[in-house]
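Notes follow the structure.
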Amino acid sequence: MTTLSSSKPWHRLLLTGAAGGLGTVLRESLKPHCEILRLSDIAPMPAAAGPHEEVWPCDLSDKHAVHQLVEGVDAILHFGGVSVERPFEEILGPNISGVFHIYEAARRHGVKRVVFASSNHTIGFYHQEQTLDAHAPRRPDGYYGLSKAYGEDMATFYFDRYGIETVSLRIGSSFAKPQNRRMLCTWLSFADLTQLIVKALAVPEVGHTVVYGVSANKTVWWDNHLAARLGYAPQDSSETFRAEVEAQPQPEPGDPAMIYQGGAFVAQGPFDDA
Ligand code: NAI
Ligand code: 15L
C-alpha cells in the first residue's frame, strides 16, 4: 500500500473490465479509495476519463499489451473477460490467457495484491440444498466456470511461488436488484461488492483467500466465514425485492434454475453440435 499525504489509501489502482456492468459501478464507488483509477477494457468506456482517471484500452489476450497496462499500479482489480457461458474458444483468450497475463505482469512489475472477480459458476453443479464454504471442491458448470477455477488456481500458484496475494471473490449475482428467484439467494448489492473489494485490498496477509460475494440474504447457500475474517459485513438483503421477484411466473418443475447453484448455466451448450 502506498502511503501518501492524502487520505486515500491507494495511489493507483487498475480496474480491468472497466466498461462492463460492474466496472461502470466500481468506477464511481472506488473513487474515495485511490488517487488514480486506471480503467481498462477492450470495449470503449461509456464515459470519457474524468479527473483522477486514466483510460487504457487493452485486450487481455495480448500479453505485451497487458504488461504495459500493469506498469505503475499498486494493486489490480481483475474484472475483465467473458462473463457468461460461451464456447471454449471464446473464453480461452480473455479469461485463460488473460489471467496468466495479469499475474505475469504483476510479477514483473512488483504488484503485490490482486482482487480477482471469480464466480459462483466454479461451484455451479452443487445442488441448492447444499451449504458450501470456500474450501469445498469445485464443481464448475461450464467453460466459463472452468476459466474462473483456473484463475483461482493461478492465484494460488502466484502466491506460493512469488508471494503475490489475491482475494478471489466468488461473486453470486451482482446487479442493481435480484432478477429472479435464484438471485434471492445469490444477490450481491453494488454497495456490498464495493465494501468487499475495499476489505480485500486492505486486509494484510491474505495469501490466496477465496470468499463468496453475496449480500446478507435471508437464504444463502454459502458459509462465508472467510469473508467475515476479512471484516466483510454485508449491509443489504434481497428481501427488499422478494415481493417483486415472487410476482414473476413460477419456473417449470425441473428447471435447472431452481435445482443447481449455477442455475441455467448448467444446461448451456454443447456448442460444437450446433
Ligand atoms: P461484463 O461482461 O459487463 O464486463 C466484462 C468486461 O470485460 C466487458 O466490458 C468486456 O468488454 C471486457 N472484456 C471482455 N473480453 C475482454 C478482453 N479480451 N480484453 C479486455 N477486456 C475484455 O461483466 P460484469 O457483470 O461487469 O462482470 C465483471 C466481472 O465479474 C467478470 O469477470 C465476471 O465474470 C465477474 N462476475 C460477475 C458477476 C455478476 O453478477 N455481475 C457474477 C460473477 C462473476
Ligand atoms: C456470473 O458469473 C455472471 O458473470 C453474471 O452475469 C451472472 O450470470 C451471475 O454469474 C449469476 O450466476 O447470476
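The values are calculated or read from the model by the stated rules, or taken from the named source; none is laboratory data. From a predicted model like this one, the values you see are computed outputs, not experimental measurements. Because the Cβ atoms are built from the backbone with ideal geometry, glycine has one as well, and the counts that use them run over all protein chains shown. Accessible surface areas use protein heavy atoms only, side chains included; no ligands, DNA or RNA. Shrake-Rupley method; radii C 1.70, N 1.55, O 1.52, S 1.80 Å.
Across region 71-86, the number of residues qualifying as assigned to a loop (DSSP other than H, G, I, E, B) and within 14 Å of ligand 1 (Cβ to nearest atom) comes to 8.
Scanning region 12-60 for residues that are away from ligand 1 (no atom under 14 Å from the Cβ), open to solvent by less than 60 Å² (accessible area, probe 1.4 Å), closer than 19 Å to residue 197 by Cβ and not in a helix (DSSP H, G or I) yields a total of 8. What are the residues in region 118-134 that are touching a residue at least 12 places away in the same chain (Cβ under 8 Å), open to solvent by 10 Å² or more (accessible area, probe 1.4 Å) and part of a loop (DSSP other than H, G, I, E, B), if any? Scanning region 118-134 gives 125, 126, 128, 130, 131, 133, 134. I'd like the residue in region 176-211 that is of a type in the set (Val, Ile, Thr) and under 15 Å from residue 9 (Cβ atoms) and, out of all such residues, is nearest to ligand 1 (Cβ to nearest atom). Among residues in region 176-211 that are of a type in the set (Val, Ile, Thr) and under 15 Å from residue 9 (Cβ atoms), the one nearest to ligand 1 (Cβ to nearest atom) is 197.
Looking only at region 169-184, which residues are assigned to a helix (DSSP H, G or I), surrounded by fewer than 23 Cβ atoms within 10 Å (Cβ to Cβ) and near ligand 2 (Cβ under 10 Å from one of its atoms)?
The one that is assigned to a helix (DSSP H, G or I), surrounded by fewer than 23 Cβ atoms within 10 Å (Cβ to Cβ) and near ligand 2 (Cβ under 10 Å from one of its atoms): 183.
Inside region 244-274, residues that are more than 16 Å from ligand 1 (Cβ to nearest atom) and of a type in the set (Gly, Ala, Ser) make up a count of 5.
Here is a yes/no grid of residues against (1) in a helix (DSSP H, G or I); (2) within 13 Å of ligand 1 (Cβ to nearest atom):
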| site | (1), (2) |
| --- | --- |
| 98 | yes, yes |
| 106 | yes, no |
| 116 | no, yes |
| 136 | no, no |
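Pairs needed: first member in region 160-180, closer than 16 Å to residue 204 by Cα; second member anywhere, within 11 Å of ligand 2 (Cβ to nearest atom); C-beta distance under 9 Å; at least 6 residues apart or different chains. Going by the 9 Å Cβ cut-off, the qualifying pairs are 168/117; 168/118; 168/122; 168/148.
Scanning region 159-168 for residues that are open to solvent by 20 Å² or more (accessible area, probe 1.4 Å) and touching a strand residue (DSSP E or B) at 6+ places or on another chain (Cβ under 9 Å), which turns out farthest from ligand 2 (Cβ to nearest atom)?
This residue is 160.
State whether the residues of region 256-263 include one that is surrounded by fewer than 16 Cβ atoms within 10 Å (Cβ to Cβ), of a type in the set (Phe, Trp, Tyr) and either out of contact with any Pro (no Cβ under 7 Å at 6 or more places or on another chain) or farther than 21 Å from residue 191 by Cβ (or both). Looking for residues that are surrounded by fewer than 16 Cβ atoms within 10 Å (Cβ to Cβ), of a type in the set (Phe, Trp, Tyr) and either out of contact with any Pro (no Cβ under 7 Å at 6 or more places or on another chain) or farther than 21 Å from residue 191 by Cβ (or both), one finds none in region 256-263, hence no. Of the set (1) more than 16 Å from residue 68 (Cα to Cα); (2) buried (at least 19 other Cβ atoms within 10 Å of the Cβ); (3) among the hydrophobic types (A, V, I, L, M, F, W, C), all apply to residue 92 but (2). Can you name the helices (runs of 4 or more DSSP H) wholly within region 185-274 that have at least 2 residues being polar (S, T, N, Q) and away from ligand 2 (no atom under 16 Å from the Cβ)? It comes to 190-202.
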